[in-house]
2 protein chains.
Amino acid sequence: MKRYKRDNEYSYALGMTVCFELLARRRERVRTVYVHPNINESESYFKLLNLCGSAKIDVVKDGKVFNILSPKENCFVIGEFEKYPSELSPDAPHILLVSPSGCGNVGTVMRTMLGLGFKDLALIPPCADPFSPETVRASMGAAFALNIAEFSSIDEYTDRFPDRFLYPFMLTASKSIEEVEFKKPCTLIFGNEAHGLNESFAELGQSVIIPCTRDVDSLNLSVAAAIAMYEVGKRL
Amino acid sequence: MKRYKRDNEYSYALGMTVCFELLARRRERVRTVYVHPNINESESYFKLLNLCGSAKIDVVKDGKVFNILSPKENCFVIGEFEKYPSELSPDAPHILLVSPSGCGNVGTVMRTMLGLGFKDLALIPPCADPFSPETVRASMGAAFALNIAEFSSIDEYTDRFPDRFLYPFMLTASKSIEEVEFKKPCTLIFGNEAHGLNESFAELGQSVIIPCTRDVDSLNLSVAAAIAMYEVGKRL
């Protein structure tokens, strides 16, 4: 057992809640479930054992794994899973994140997507690893319920999905989110936390701004994406 | 120089951006600005020196401070400031967070507040420290632009502000955010990340839910607060 690296074929779901989501959504990808020797033998624990038993997933009691994968966290269950590819639905709304750097932000966007009914997430690198234990944990396991696909560039994305309406969210946009008419199938595009999207994105479709006071440079990425999903989701 | 503790009279703004906000908003509270010996002598750096010079604030070049206060961070400027009390505006909309535990969440809520025009934040303990370096940094310095006050209980808050319309955001609420008519002056109330608000809050005013799919237990605190502020802000 070694620390997780991005090019590993497998990753880890840290914590009971995230493991239950993993087992509910991607049971066939689970290799092993590790439990900490100090785990409280609660109702949830026995539910976990039953689930793993009926799916013939090994449950291993081993404290060392926790020292390596979760040294600082209050975590008593770790699900090891094989990473998997997924395809985005061509008709559904997409969220496209261009070079997001924070695992916490990407995980929070995933959780918000699932909560607001968006199931398809596209990513353009360099970007936070959507399968890292940190991202998966920040998503509260929503990562397992979404279709997530990486594209090497915006061109690769638009080649793959040529007939979509693209809405880049930009501070330089001329239209506010309330003024824009969102057409289906739509892709809401958000840039990096520090730099946003570069100006060339404005040519891809109708650029959009979430109205803000002049007191801040911008909203947090996961906050901007949430407001956009909430507002667009009402109207789709 | 020791690590920050909650009962200290002073706290720290970590990083250039946050220090500029501190100097812009609360210059009179700044005790010292520390710069790292390896700081890049950029335009921002000279702007900082000029600002501190004209405000007669000592600038100290000292690497040790950074080892203590920001050992893992890519941080080259630290502003030491005296903590200060503030009063909430009785007529403005308030955000009230009941026992939020995460500094990152509270900081993100602060940044969103400033971006969406909410200036008054009430907190009920136990809660993340609104003045901790971590919260202040997550707020990107928005903490310095807001009025922030702690109340020992919801009763103390309602005694101090008896004539407000209270809107507790709860998963058990009967009305969705779109159905509720928000009256001024309003207070939007959010509970702890894990537990939400207890049922007694429903008696304080009109409880509100942000509609969600059944795929998630709830939205992230800072996401829920952002959506609420966006929606309510449009209508106030």
Could you list which residues have their amide H under 5 Å from that of A:F76, counting only those 5 or more apart in sequence or on another chain, with H placed in the peptide plane?
A:G15, A:M16
Express the relative contact order of the range A:10-82 as a whole percentage, based on alpha carbon pairs under 8 Å and six or more residues apart in sequence.
57 percent
Can you work out the Karplus-derived ³J(HN,Hα) for every residue in the range A:29-45? Use 6.51 cos²θ - 1.76 cosθ + 1.60 with θ = phi - 60°, whole Hz, and x for glycine or proline.
9, 7, 9, 8, 10, 9, 10, 6, x, 8, 4, 6, 7, 7, 4, 4, 4
For the range B:192-236 and the range B:1-49, what is the separation of their C-alpha centers, rounded to whole Å?
35 Å
From the residues B:G107, B:M170, B:V208, which one has its Cα farthest along the dipole of the range B:83-217 in the positive direction, the dipole being from +1 and -1 charges on Cβ of Lys/Arg and Asp/Glu about the Cα centre?
B:G107
In degrees, nearest 10, range 0 to 90: what is the angle between the Cα axis of helix B:221-235 and the longest Cα principal axis of chain B?
70 degrees
Which ³J(HN,Hα) values in Hz, rounded to whole numbers, follow from the phi angles of the range B:74-88 under the Karplus curve 6.51 cos²θ - 1.76 cosθ + 1.60, where θ = phi - 60° and Gly and Pro get x?
8, 10, 10, 9, 9, x, 8, 9, 6, 5, 9, x, 9, 9, 7
For the range A:58-65, just list the computed ³J(HN,Hα) in residue order, Karplus coefficients 6.51, -1.76 and 1.60, θ = phi - 60°, integers in Hz, with x standing in for Gly and Pro.
5, 10, 10, 8, 7, x, 4, 3
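Let me confirm one metric for peptide B:104-113, namely the mean number of other chain beta-carbon atoms within 10 Å of its residues' beta-carbons.
Values: counts 3, 1, 0, 1, 7, 2, 1, 7, 8, 3.
If you average over the peptide's residues, the count of other-chain Cβ atoms is 3.
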What is the helix-to-structure angle for A:16-25, meaning the angle in degrees between its Cα long axis and the longest Cα principal axis of chain A, kept from 0 to 90 and rounded to the nearest 10?
70 degrees
Under the definition of Cα pairs under 8 Å and six or more residues apart, what whole-number percent is the relative contact order of chain B?
21 percent
Between the Cα axis of helix B:103-116 and the main Cα principal axis of chain B, the angle (0 to 90°, nearest 10) is 80 degrees
Provide Rg and Dmax in Å for the protein assembly as shown, with only Cα atoms included in the calculation.
23.1, 71
Hey, can you grab everything whose amide H is under 5 Å from the amide H of B:Y12? Only 5+ residues off in sequence or another chain; H modelled, so Pro and N-termini drop out.
B:F81
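When Cβ neighbours within 10 Å are restricted to other protein chains, what is their mean count per residue of peptide A:165-172? Don't skip to the answer; put the middle values down first.
Values: counts 0, 0, 0, 0, 0, 0, 0, 0.
Average per residue, whole number: 0.
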Using +1 on the beta carbon of Lys and Arg, -1 on that of Asp and Glu, and nothing else charged, what's the dipole of chain A about the Cα centre, debye to 20?
800 debye
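Using a ≥ b ≥ c from the Cα gyration tensor of the range A:133-217 (square roots of the eigenvalues), is it rounded, prolate or oblate, where a/c under 1.5 gives rounded and otherwise the larger of a/b and b/c decides, a/b for prolate? Can you show the working numbers first?
Numbers: a/c = 1.75, a/b = 1.21, b/c = 1.44.
Oblate shape, in that a/c is at least 1.5 and b/c is the bigger or equal ratio.
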Please list, in chain and number order, the residues 5+ apart from B:K175 or on another chain whose amide H is under 5 Å from its amide H, with Hs placed from the backbone.
B:I209
Once you mark the trypsin sites (Lys or Arg not before Pro) that are in a DSSP loop and have at most 16 other Cβ atoms within 10 Å, what is the longest gap between them in chain A?
A:84-182
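Could you compute Rg(Cα) / (2.2 N^0.38 Å) for chain B, with N its residue count? Let's see the in-between values first.
On the way: Rg = 19.3 Å, N = 236, 2.2 N^0.38 = 17.5 Å.
Compared with the compact-globule rule of thumb, chain B sits at 1.10.
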Leaving out same-chain residues fewer than 8 places away, which aspartates and glutamates sit with a Cα under 17 Å from that of B:K183?
B:D91, B:D120, B:D163, B:E203, B:E231
In square nanometres, what is one fourth of the surface area of the convex hull spanned by the alpha carbons of the range A:10-82?
4.2 nm²
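Values in this text are rule-based calculations from the coordinates and carry no lab data. All figures in this text were calculated on a predicted structure; none of them were measured in a lab. No Cβ is skipped: glycine too gets one built from the backbone with ideal geometry, and neighbour counts run over all protein chains shown.
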